[in-house]
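Each reported figure results from applying straightforward, stated rules to the coordinates on display, with no laboratory input. Treat the numbers as computed from the prediction; the structure is a model and nothing was measured. Cβ sites come from the backbone with ideal geometry, for glycine too, and all protein chains shown count toward neighbours.
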Amino acid sequence: MNNSVDNSIKNPSSGLTSNSIGMEFVLIPAGEFDMGSPMHEKRRKLWESPVHRVTIKKPFYLSKYPVTQEQWQVVMGDNPSYFRGEKHPVENVSWNEVQVFFSKLNALENARENNRIFRLPTEAEWEY
């Protein structure tokens, strides 16, 4: 997701890209921000400090919506969700299962050859 996306799937009018299972991605520009919580913030956690400057050096793509149960089913062949609905977000999955999902999605999309790797965002990318 953080690499450039194949121009054949880019919609230049909206800045969105999509993949073969219908996931839509938004380009997030590179930049800087202050990460962490200041000491005076209520209900802050100890691991949220100190506040520090983080630089996102390269633009990256982030999914516009959560992975749906339908998209999960296409890639994984099953739907582990308790609250069913094709367009609902997939839930009831572990971090390890998400890693398997990305591995299979990258194989399906021929990601390495197309220079686009699907993955979870880093903590810094998520907070940015």
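Under the simplified labelling scheme, the E32-S63 pair shows an inter-label distance of 3.2 nm, with each label point 7 Å from Cα along Cα→Cβ.
Helical runs assigned H by DSSP (4 residues or longer) give the chain a calculated mean residue ellipticity at 222 nm of -6000 deg cm²/dmol, each run adding -39500 (n - 2.57) before division by the residue total.
By the beta-carbon count within 10 Å of each Cβ, the least crowded to most crowded order of M39, M76, M23, fewest first, is M39, M76, M23. Lysine pairs in region 7-127 whose alpha-carbon atoms fall under 26 angstrom of each other, counting only those eight or more residues apart or on distinct chains, come to 9. Backbone amide hydrogens, once placed in the peptide plane, bring T68 within less than 5 Å of V90, excluding anything fewer than 5 places away on its chain.
Once percent of Cα pairs over 26 Å apart is worked out from the coordinates, which option in (1) 29; (2) 34; (3) 25 does it equal? Only one option fits the structure, namely (2).
Remark on I117: its backbone amide H falls under 5 Å from those of N2, N3, a criterion applied only to residues 5 or more positions apart or on other chains, H modelled at 1.01 Å from N. Of the residues L46, L62, L108, the one that moves most in a GNM of the chain with alpha-carbon contacts below 10 Å is L46. Axis of helix 95-108 versus longest Cα principal axis of the chain: the two differ by about 50°, to the nearest ten degrees. Model label points for E127 and V100, set 7 angstrom from Cα along the Cα-to-Cβ axis, are 3.2 nm apart.
Between N79, A107, S37, the Cα set farthest toward the positive side of the dipole of region 7-127 (charges on each charged residue's Cβ, about the Cα centre) is that of S37. Give the longest segment of the chain that steers clear of trypsin sites (Lys or Arg not before Pro) in DSSP loops with at most 14 neighbouring Cβ atoms within 10 Å, not counting the sites themselves. That gives 1-41 as the longest site-free run.
Taking the Cα centre of the chain as reference, the dipole from Cβ charges on Lys and Arg (+1) and Asp and Glu (-1) amounts to some 240 debye. Taking the fewest neighbouring Cβ atoms within 10 Å as the starting point, the ordered list for T68, T55, T122, T17 is T55, T122, T68, T17.
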